[in-house]
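Computed from the coordinates by the stated procedures, all read-outs in this text should not be read as laboratory data. Being a predicted model, the structure only gives us computed values, none of them experimental. As a convention, Cβ positions derive from the backbone with ideal geometry for all residues, glycine included, and neighbour counts pool all protein chains shown.
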Amino acid sequence: MNENLKDKVAVVTGAASGIGLAVAKSLAQSGARVCLADIQKDALDRAVSEIDSAGGTITSVLADLGLESGIKTLQRQVSEVFGKADILVNNAGLQYVSAVESFPAEQWDKLLNIMLRGAFFCTQTFLPEMIEKGWGRIINIASIHSIVASPFKSAYVSAKHGLIGLTKTTALEAATKGVTVNAISPAYVRTALVEKQIESQSQLHSISKEQVIKEIMLAPMPQKELIEPEEIGEVVVFLCSDTARHINGHNLVIDGGWTIT
């Protein structure tokens, strides 16, 4: 257990699976009281059961974080169960692939609402509670696509680039108030979202899944491995620790060497 985090109140969005679930687990194992927020009820219930069986102190909130009303519901329930938040991990996300000229406006709005607008309103909602306490950690889960681009992912890339701007601006504003704000930008992580992309690429190019991973996804990475979600969870715990108190406004890139040059 990380004594620095014992009984801290942590809110993790998009926590029903993948990176969000791994982050919630790591924080719970470090002694934090964790609220898992997601829009997928069945997956959220499974996530809660999984962490609860390991002895974590948790609760969950079913909410659409693309809507301000969903974020207000989240804050209200966190306050009722645990009190004011100490840690916010903005992780909720999704993907949609299309050429710019045919990208559906409703999909563009949906991605930006959840990954950028939602992260902004969650930050705006929970930051004052941290300032009141004089201690807080906000961690935005970005992506390698916060610094590089890929074709057909204009909304996702735009949202992740914007998230870095939000991270830096909030870090400057909160720097003297005991709150740090950082981002984590991983390359491909072994999640359900990535597994779907592997399957899709395999069918599109008529090659095996192993070839997709090696020849397409990991082609830019000197380290030819997918990142495990648990690795991101441990980095979040580190950024929340007192040891990392002077890491602020930073985009921590975890990319196996992708962006060395």
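In a simple Cβ point-charge model (Lys, Arg +1; Asp, Glu -1; nothing else charged), the chain has a dipole of about 420 debye relative to its Cα centre. Applied to the stretch 41-48, the Karplus parametrisation 6.51 cos²θ - 1.76 cosθ + 1.60 on θ = phi - 60° returns per-residue 3J(HN,Hα) values of 4, 4, 5, 5, 4, 5, 5, 4 Hz, with x for Gly and Pro. Computed over the chain, the per-residue total of -39500 (n - 2.57) for DSSP H runs of n ≥ 4 gives a 222 nm mean residue ellipticity of -13500 deg cm²/dmol, rounded to 500. By the gyration tensor of its Cα atoms, with a ≥ b ≥ c the square roots of the eigenvalues, what is the shape of the stretch 197-261: rounded for a/c under 1.5, prolate for a/b over b/c, or oblate? It comes out prolate by the Cα gyration axes. As a proxy for reagent exposure, 225, 106 were ordered by neighbouring Cβ count within 10 angstrom, fewest first; the result is 106, 225.
Of 166, 226, 240, which is farthest towards the positive pole of the chain's charge dipole, taken about the Cα centre with +1 and -1 on the beta-carbons of Lys, Arg and Asp, Glu respectively? Ranked along the dipole, the leading option is 166. The Cα-based radius of gyration of the stretch 33-105, divided by its Kirkwood radius, gives an Rg/Rh of 1.08. Measuring between their Cα centroids, the stretch 6-66 and the stretch 134-152 lie 20 Å from each other. The ranking of 172, 44 by Cβ neighbour count inside 10 Å, starting from the fewest, reads 172, 44. From least to most packed, judged by other beta carbons within 10 angstrom and beginning with the fewest, 209, 25 follow the order 209, 25. Using Cβ point charges alone (K and R +1, D and E -1), the dipole size of the stretch 212-261 about the Cα centre works out to roughly 180 debye. Principal axis analysis of the Cα atoms in the chain yields extents of 53, 39, 36 Å, listed in decreasing size.
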